[in-house]
Structures are given as C-alpha cells and as structure tokens.
Amino acid sequence: ETGVTQTPRHLVMGMTNKKSLKCEQHLGHNAMYWYKQSAKKPLELMFVYSLEERVENNSVPSRFSPECPNSSHLFLHLHTLQPEDSALYLCASSQDLQATDTQYFGPGTRLTVL
Amino acid sequence: GDSVTQMEGPVTLSEEAFLTINCTYTATGYPSLFWYVQYPGEGLQLLLKATKADDKGSNKGFEATYRKETTSFHLEKGSVQVSDSAVYFCALSARTNAGKSTFGDGTTLTVKP
C-alpha cells in the first residue's frame, strides 16, 4: 500500500458505542494529524503528533481520544459521541513540522452518529 | 491570528473557460502557501505550493504566484476540463506554528461540458 490509508471508510455508531478510527502512513513521515471536515464549516485541526508525541490539542472534547503508538500509525478513539460529531474525519501526515512541508491526506472516514 | 479568505463558491464554468479562484491571507512573518484539491469521495491532495515571496507554484496547468505586497495567492488555469470539478482549498503554514496549518473554507468548482 502507498500513501495514507484510513479504516473504516464509513462508520455508523450510536451515541453509547465505543469505536476507533485507524490511520496508517507508508511515507516514512514523522508528523501525523487528525482533522474534522463538516459540511459548510472550515477544516478543523484536532490533533498533531510529531515523533509519537502530541504537540497540538485544539480544544477537542474528551470524547475524542487520540493514540499514536509509532510514527506510522494514528488512532482516534471515540466514545459517547453526539450527533453533531457526524463528519468526515481526515488523517494526514507530513515529513516533519516545517512550514514548507506538504501534508498528505488519507481518504477519510465518514462517521454518522445516530 | 492567521487566516485565509477564499473566493466564495460555488463556481460553475464551461469547459475550456478561464479559471480564477481568489485567495488572500493574514499571517505573521512569511508563511508557506498551498493549494489543495479534494475530488469527490477523496481526501485533500496537494495541487501546488510556494514557499517564499514571488515564487510561482504550478501543476497540471494550474498556477499561483505568492504576492507578498497584496498578501494573495490566487489560483488560475487557462482552460478548465470537466475533470477539474472538485473543491479547492487555499492554505498557509506559518514558520512560527508549522504544525498548525490554516485552511480557507474551500471553493467548489463545477465544469460543464
């Protein structure tokens, strides 16, 4: 596989469920990101990791819990979500945290919270 | 704080028309500037970028020039195709806060045959 992959591509969950989103990058990058993309709203940065250390936590509710076990994998653990959390969740990676670094995005997980 | 303002969409053009999508920014220092494109059902992908003033980024017939004096990075293409239909995002990454890119709201382009 190449690039950035995300699983699952689609997820429907109830408000009391617990689920996890997985992201894997095959680019040898050191930084990884979670974004939330909602209809008619700007792209929202949620978390940034560099060399497995969280460097940015953008006031995200605690019902979203990230995990970065190594520089190739990033997870987003979800529990007791709200319907307004329904969105496309995008993972991205970049070589490092340089301003000139391009971010490479996965295809996203389309999450629906019932 | 940093901000990116993009031309509001949606934009609808006929095939072979000229495209301009305006983008202006506010940032401290000299950020790097990017255009990303998102095709239906996919994540964002880099279209082009420029990392210093007066640089021109280009790819697949698209161009944008980093204009420091007008704080702009407008996207242009001389002749659009139906396959260019997508959402286009302007973004900046400031040197002082590189892990936190700022994205515009996105402009939806539809090209009709």
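Here are the numbers:
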{"item": "Rel. contact order, % - alpha carbon contacts under 8 angstrom, at least six apart, chain B", "result": "36 percent"}
{"item": "Mean Cβ neighbour count within 10 Å, used as a protection proxy, ranking B:41-47, B:102-108 highest first", "result": "B:102-108, B:41-47"}
{"item": "Loop GluC sites (Glu not before Pro), the range A:1-89, which have at most 14 other Cβ atoms in a 10 Å radius of their Cβ (DSSP)", "result": "A:E1"}
{"item": "Partner aspartates and glutamates for A:K18 [C-alpha distance under 20 Å; skip if fewer than 8 residues away on the same chain]", "result": "A:E67, A:E84, A:D85"}
{"item": "Cβ neighbours within 10 Å from other chains - mean over B:39-48", "result": "4"}
{"item": "In nm, spacing of pseudo-spin labels at B:R67 and B:S83 (7 Å Cα→C-beta vector)", "result": "3.0 nm"}
{"item": "Lysines with Cα under 24 Å of A:K22, excluding same-chain neighbours fewer than 8 positions away", "result": "A:K36, A:K41, B:K100"}
{"item": "Stretchable slack from A:D96 to A:R63, in nm (0.36 nm times residue separation minus alpha-carbon distance)", "result": "9.1 nm"}
{"item": "Average beta-carbon neighbours from other chains, 10 Å sphere, peptide A:42-48", "result": "4"}
{"item": "Contact surface B-A: accessible area buried, both sides summed, square angstrom, 1.4 angstrom probe", "result": "1600 Å²"}
{"item": "Reachable lysines from B:K112, criterion Cα separation under 25 angstrom, eight or more residues apart if same chain", "result": "A:K40, B:K60, B:K77"}
{"item": "Peptide B:101-110 - average C-beta neighbours from other chains (10 Å radius)", "result": "3"}
{"item": "Heavy atoms of A:C91 accessible to a 1.4 Å probe, total area in Å² rounded to 10", "result": "0 Å²"}
{"item": "Paramagnetic label zone (point 7 Å from Cα along Cα-to-C-beta, B:T12; backbone N under 13 Å) in the range B:74-113", "result": "B:109-113"}
{"item": "Percentage relative contact order, the range A:50-114, counting C-alpha pairs under 8 Å, at least six apart", "result": "27 percent"}
{"item": "FRET efficiency estimate (nearest 0.05) - Cβ-Cβ, A:S72 to A:E44, R0 41 angstrom", "result": "0.95"}
{"item": "Solitary cysteines of chain A, where the nearest other Cys Cβ is not under 4.7 Å", "result": "A:C68"}
{"item": "Percentage relative contact order, chain A, counting C-alpha pairs under 8 Å, at least six apart", "result": "36 percent"}
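The values are calculated or read from the model by the stated rules, or taken from the named source; none is laboratory data. Fair warning: this is a prediction, and the values are worked out from it, not measured in the lab. Please note: Cβ atoms are built from the backbone with ideal geometry, for glycine as well, and neighbour counts cover all protein chains shown. For the accessible areas, the whole protein counts, side chains as well, though only heavy atoms, and no ligand, DNA or RNA atoms are used. Shrake-Rupley method; radii C 1.70, N 1.55, O 1.52, S 1.80 Å.
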